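Comments concern the structure below.
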Amino acid sequence: MILHRLMLIADTEGTNGRPLPEVIVRAAHGVGGQLIVQFRDRQLRDAELIRVIRAVQRRVPPSTVLTVNNRPALARALEIGLHLPASQEAPEVRPVLLGRSLHDAEELRRAVEDRVDYGVIGTVFETTSHPGRVAAGLDHLRDLTSQLAPIPSYAIGGITAERAAATIEAGAWGVAVRSAILSAVDPSEAAYQLHGSLLG
């Protein structure tokens, strides 16, 4: 499966009242489908989330990659990727794409043992979604990406179009963002600007 360099963390709370599928579809079209969407909505039940995911599947470019956070049965049923929190056990049945969040060397070791397809490393910069959490910084990102290699890594936490290039220079393959796209007035343009900043 293609690992695009831009990942959108998607939930219904960050869209400023707009329907989540609409925001995702606009973002995906803004980058010609070169987007990974990670559905991380803790409020929606499985049946509700399935409806959202299917609504997105019907409207995004076919190259768009969809994953779901910490719902292995749903990932298996929809044949989409699965993203795991740092402490969650990997499922016995491997999904089509497997990723894991990681913050330190021990969590990195678990990710390698699980043979993940990618890791999400954070929190790189301070972020409003996790107030009070100390930013790990670029040196931390550089250290973990080098240890995780050749497995691709995504930087997360306070990522903007202006900061994205620095994370690539520190060794990340791509970036994972939430509010930078979900809350943007124009999600299509926001995704386009972010994607462009990753390509140099």
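Some notes on this structure:
- Remark: R59 falls outside the filter, which requires a residue to be surrounded by fewer than 22 Cβ atoms within 10 Å (Cβ to Cβ), free of Cβ contacts under 8 Å to residues at least 12 places away in the same chain and farther than 19 Å from A180 by Cα.
- Candidates A149, A184 - the one that is closer than 20 Å to L102 by Cα, modelled with pLDDT of 95 or more and among the small types (G, A, S): A149
- Of the residues making up the stretch 156-173, those that are of a type outside the set (A, V, I, L, M, F, W, C) and surrounded by fewer than 24 Cβ atoms within 10 Å (Cβ to Cβ) are G158, T160, E162, R163, E169, G171.
- Any chance I24 is surrounded by fewer than 19 Cβ atoms within 10 Å (Cβ to Cβ) and touching a Leu at 6+ places or on another chain (Cβ under 8 Å): no
- Hey, R94 more than 20 Å from Q147 (Cβ to Cβ) and either basic (K, R) or in contact with a Pro (Cβ under 6 Å, 6 or more places away or on another chain) (or both) or not: yes
- Residues considered: I159, I151. Of these, the only one that is of a type in the set (A, V, I, L, M), assigned to a loop (DSSP other than H, G, I, E, B), within 24 Å of L20 (Cβ to Cβ) and touching a residue at least 24 places away in the same chain (Cβ under 8 Å) is I159.
- Members of the stretch 109-140 that are at pLDDT 95 or above and touching a Gly at 6+ places or on another chain (Cβ under 8 Å): A111, V116, D117, Y118, G119, V120
- Number of positions in the stretch 167-200 that are small (G, A, S) and part of a strand (DSSP E or B): 2
- Identity of the residue in the stretch 27-43, surrounded by 17 or more Cβ atoms within 10 Å (Cβ to Cβ) and within 17 Å of N69 (Cβ to Cβ), that ends up modelled with the lowest pLDDT: D41
The values are calculated or read from the model by the stated rules, or taken from the named source; none is laboratory data. All values reported here derive from a predicted model rather than from experimental measurement. Ideal geometry is used to build each Cβ from the backbone, glycine not excepted, and the neighbour counts take in all protein chains shown.
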